[in-house]
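Please treat every number below as a calculation from the coordinates, not as lab data. Since the structure is predicted, the reported quantities are computational estimates derived from the model, not experimental observations. Every residue, glycine among them, receives a Cβ derived from its backbone with ideal geometry; neighbour counts consider all protein chains shown.
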Amino acid sequence: MADPYVVDVPLRWSDMDAYGHVNNVQYLRLLEDARVIGFREWFPGRPALLDEGIVVTRHAIEYRAPLTYRPDPVEVAMWVTSVHGAGFDLGYVVRDPAGVGEATYAVAETGLALYDFATSRPRRLEPQAREQLAAHTGEAVAFRWNRR
């Protein structure tokens, strides 16, 4: 199993809702920010992976603790959980960085598909992309609701 890719993602004041914590919808932005930064590093010299067309097919998020605004970023750990013909799944943990705290705020999974916008059809993963994704493959996301 590969070590997760870890990126610090800053919180925005506007991420908070009327209840004083980061709104559930904003977690998707945190995951997206981590994904875009991660893909640039995972696929060096190939920013076209994002430009050529990749779409989100699904999200699953399990919230573990309330997250309130603070100047310190959150840490998003990200890894590949599965690879298939035209796409792959990513797992995430949103947590405190070392030295800030020990809380885990959420675990999540995103399904992604390569998509050709010119033809409105899915694209197959190329062998080189499969190899890059394999280097970041880890365990399935440990959702608590899967254990019920």
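Observations, loosely collected:
- Spherically averaged projected area of the convex hull of Cα atoms, the stretch 56-103: 4.3 nm².
- Cβ crowding within 10 Å averaged over residues, with 74-82, 22-30, 6-14 ranked highest first: 74-82, 22-30, 6-14
- Projected label points at ALA86 and ALA60, each 7 Å from Cα along the beta carbon direction, are separated by 2.2 nanometres.
- Where the Cα pairs of the chain fall when distances are cut into 5 Å bins, in %: 2, 9, 18, 22, 19, 14, 10, 5, 2, 0
- Close amide H contacts of TYR105 (hydrogens built in the peptide plane, cut-off under 5 Å, sequence separation of 5 or more or a different chain): VAL94, ARG95, ASP96.
- Across the chain, the mean sequence separation of Cα contacts (distance under 8 Å, 6 or more residues apart), normalised by length, yields a relative contact order of 29 percent.
- Per-residue 3J(HN,Hα) values for the stretch 89-97, derived from phi via the Karplus relation 6.51 cos²θ - 1.76 cosθ + 1.60 with θ = phi - 60°, read 10, 10, x, 9, 10, 9, 8, 6, x Hz in sequence order (x marks Gly and Pro).
- Counting charges near PRO97 (Lys, Arg +1; Asp, Glu -1) among other residues having Cβ under 9 Å from its Cβ returns a value of -3.
- Against the chain, whose longest principal axis comes from its Cα atoms, helix 26-42 is set at around 50 degrees.
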